[in-house]
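Asker: My questions will all concern the structure given below.
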Amino acid sequence: MSILSHISLSKIVISVGLGFMIHSVWSIYKLSLPPDCPVERTCLKSSLLRNPKLELILFSSVKEKPTGRDVELILEKKKFDYNQAFEENIKLNVPYKTRMNGTLFLHMFIIAHRPNQNWDWDSLARHSNQYEIKVYRKVPLSKYALPPDRTFHLLSEEGPQQKSRKPV
């Protein structure tokens, strides 16, 4: 009996398929592991590893790129712990422009903690390095919505508005 009599085409195909799957799983596993940093190279490290004291500051504005006059301070959390989830009710004045179908933006700053420092928009928006701005994000809280066109509501219960005509 020769070796070829024990090896069939299906066994070869299954072996190649299993090898491919094992190689794929190994490649995905290697992607999830960060590479080690050799001592002789300069590597980037997260600033959060030092457990810095941070502050969270929230502003609202109807403009995407506001000035100091256009923003309202919503929240200033002096001791912001990024490891703990927190929930807080915030009273937010909705401006007239937003109520009339405008967009309202939330501007968020996460910066290094400075005791006895009151923040204003102008000092934070200049991105001065002395404040060590860690994060700035702008998020729309509401968006302008186009009014629906009546021609797209053909199956609605409301029929077309007919003008009353006087007979001639």
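The values are calculated or read from the model by the stated rules, or taken from the named source; none is laboratory data. Because the structure is a prediction, the values reported are computed rather than measured. Because the Cβ atoms are built from the backbone with ideal geometry, glycine has one as well, and the counts that use them run over all protein chains shown.
Asker: Would you point out the residue of the stretch 60-86, among those that are touching a helix residue (DSSP H, G or I) at 6+ places or on another chain (Cβ under 7 Å) and under 15 Å from residue 118 (Cβ atoms), that is modelled with the lowest pLDDT?
Answerer: 68
Asker: May I ask you to list pairs of residues, at least six apart or on different chains, whose Cβ atoms are under 6 Å apart, with the first in the stretch 48-70 being over 13 Å from residue 93 (Cβ atoms) and the second being part of a strand (DSSP E or B) and among the basic types (Lys, Arg)?
Answerer: 55/78; 56/77
Asker: OK, next. Within the stretch 1-60, which residues are under 30 Å from residue 86 (Cβ atoms) and among the small types (Gly, Ala, Ser)?
Answerer: 32, 46, 47, 60
Asker: Looking at the stretch 69-84, is at least one residue farther than 24 Å from residue 124 by Cα and exposed (fewer than 12 other Cβ atoms within 10 Å of the Cβ)? I'd like the intermediate steps shown before the answer.
Answerer: Applying the first criterion (farther than 24 Å from residue 124 by Cα) to the stretch 69-84 yields 84.
Filter once more, so that each one left must be exposed (fewer than 12 other Cβ atoms within 10 Å of the Cβ): 84.
Yes: the stretch 69-84 contains one or more residues that are farther than 24 Å from residue 124 by Cα and exposed (fewer than 12 other Cβ atoms within 10 Å of the Cβ).
Asker: A further question follows. Looking at the stretch 58-71, is at least one residue under 15 Å from residue 139 (Cα atoms), touching a His at 6+ places or on another chain (Cβ under 8 Å), outside any helix (DSSP H, G or I) and among the hydroxyl-bearing types (Ser, Thr, Tyr)?
Answerer: yes
Asker: Condition first: under 19 Å from residue 137 (Cβ atoms), at pLDDT below 90, exposed (fewer than 14 other Cβ atoms within 10 Å of the Cβ) and not β-branched (Val, Ile, Thr). Can you find one or more residues in the stretch 29-47 that meet it?
Answerer: Yes, the conditions are met somewhere in the stretch 29-47.
Asker: Let me ask another. Determine which single condition residue 90 fails, assuming it passes every other condition in (1) surrounded by 10 or more Cβ atoms within 10 Å (Cβ to Cβ); (2) touching a strand residue (DSSP E or B) at 6+ places or on another chain (Cβ under 7 Å); (3) in a loop (DSSP other than H, G, I, E, B).
Answerer: (1)
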